[in-house]
Amino acid sequence: MKEVSNTASPDKSAAPKKIKDPLWKRLYFAFSLLVMASLVAHFTWVASGSAEWELAKDQDGVKVYTSKAPGDALMKVRTVMEGNYTLTQLASQHLIVGDTLEVCIEWIPGCKAMTRIQDFDPVRGYDKDMWRVDLPAPFADRELLLTTMFEQNKQTKEIVLDIVSIPNTLPHTPGVVRIGRMHNRWVYTPKANGMVEVSLIQDADMPGIGFFPYVLMNMTLVEESHKFFATTLRKTLKEDRFVNAKLDFIDDIR
C-alpha cells in the first residue's frame, strides 16, 4: 500500500497579517524622540562651559570674546576696540546727553519707548529708565527697567558704567516680558598711547528672554556685537552732541 504524501499547499490566508500602527502613533513616537533629544541637548549645553573668555572674532579693529558659564543658557559676550575719544564723549552716550529714545532707536532694533524714572544724579552716580522693545509675532514685547551706575577711578581716570536691570522696582506691564537679569558693563580705559580702550560685557539670564529661543540668540551674538561696534557705535560717537559734550563730574584725559 502506497503512502499518500500531503502535497497540499499550506493555507496562507490563515497566517495573521501584521497590522501597521496608525500614522498618528508613528508621528507621536517621532515627536517624543525629538523632544527627548532636545531636552538632553538643552541640559547638556546648560551644564557645559568653563567661564573662560575665548576670542571668537578679530576684525576691523574690533575683538569679540565669548564665555559660557555652567548653569547659563546664554553666552556672555565681551567686545573691545580702541579709539581716539575723550572720556566725556564716550560716557555721554549713556548719561544725560545720549540717554534718549533717539539713541535707543539707533542702537537697538525695535526700541519704541522710553520712560524716565529718575534723572541722573552726579552725586549718587545713577539714574533709572524704562525701555520698551517691540518684537515681531509670536514673540512678546520686551521691557527693561534699568539703572545706569557711574564710577570713575581718580588715579587712572578709568570709567565704569554698569547698566543693570531692576525688574521688580515697578509693577510689571501685562503682556510684556520684563527682562529678569541683564548686566551690561561699559569700561573706558585710557591707554599710554593716548587712545581709549572701549569694552562692553553683555550678560543676560535665560528667564529674561521669555519665549525667544536662546539658541538663536547665541548664534547671532558675535556677529551682532561686532557689527554694533564697527558701524553703529563708531558712527554715533562722531556726532557733535557727543564730541562737544560737557559733563562737569567727569575728569577727562584732555
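The values are calculated or read from the model by the stated rules, or taken from the named source; none is laboratory data. Quantities reported herein were computed from a predicted structural model and do not represent experimental measurements. Note that each Cβ is placed from the backbone with ideal geometry, even for glycine, and that neighbours are counted across all protein chains shown. These accessible areas exclude ligands, DNA and RNA; they are computed on the full protein's heavy atoms, side chains included. Shrake-Rupley method; radii C 1.70, N 1.55, O 1.52, S 1.80 Å.
Tell me which residues come under 5 Å, amide H to amide H, from residue 158 once H is placed; ignore anything under 5 positions away on its chain.
153
Quick one: accessible area per residue over the stretch 130-254, 1.4 Å probe, rounded to a whole number of Å²?
54
Net charge near residue 112: determine it from the other residues with C-beta under 9 Å of the C-beta of residue 112, scoring Lys and Arg +1 and Asp and Glu -1.
-1
Compute, for the stretch 69-202, the length of the dipole vector about the Cα centre, with Cβ point charges of +1 (Lys, Arg) and -1 (Asp, Glu) only. Units Debye, rounded to 20.
Value, rounded to 20: 260 debye.
Where in the stretch 80-167 are there chymotrypsin sites (Phe, Trp or Tyr not before Pro) that are in a DSSP coil and have at most 16 other Cβ atoms within 10 angstrom of their Cβ?
When the chymotrypsin sites (Phe, Trp or Tyr not before Pro) of the stretch 80-167 are filtered for loop state and at most 16 Cβ neighbours within 10 Å, 139 remain.
Which distance in nm do the two modelled labels at residue 164 and residue 105 give, with both placed 7 Å along the Cα-to-Cβ direction?
3.2
Where does the Debye-calculated log10 I(q)/I(0) of the stretch 154-199 sit at q = 0.18 Å⁻¹, using only Cα point scatterers of equal weight, no solvent?
-0.65
Counting only protein heavy atoms, what percent of the accessible surface of the stretch 134-254 is carbon or sulfur at a 1.4 Å probe?
59
From the C-alpha coordinates alone, can you work out the Kirkwood hydrodynamic radius of the stretch 105-251, in Å?
Over the stretch 105-251, the inverse of the mean reciprocal pair distance is 17.1 Å.
After finding the eigenvalues of the alpha carbon gyration tensor for the stretch 83-174, what semi-axes result from the square roots of 5 times each, listed largest first in whole Å?
Values for the stretch 83-174, descending: 27, 16, 10 Å.
Based on the Kirkwood radius over alpha-carbon pairs, what is the Stokes-Einstein translational diffusion coefficient of the stretch 54-119 at 37 °C with 0.692 mPa s viscosity, in µm²/s?
222
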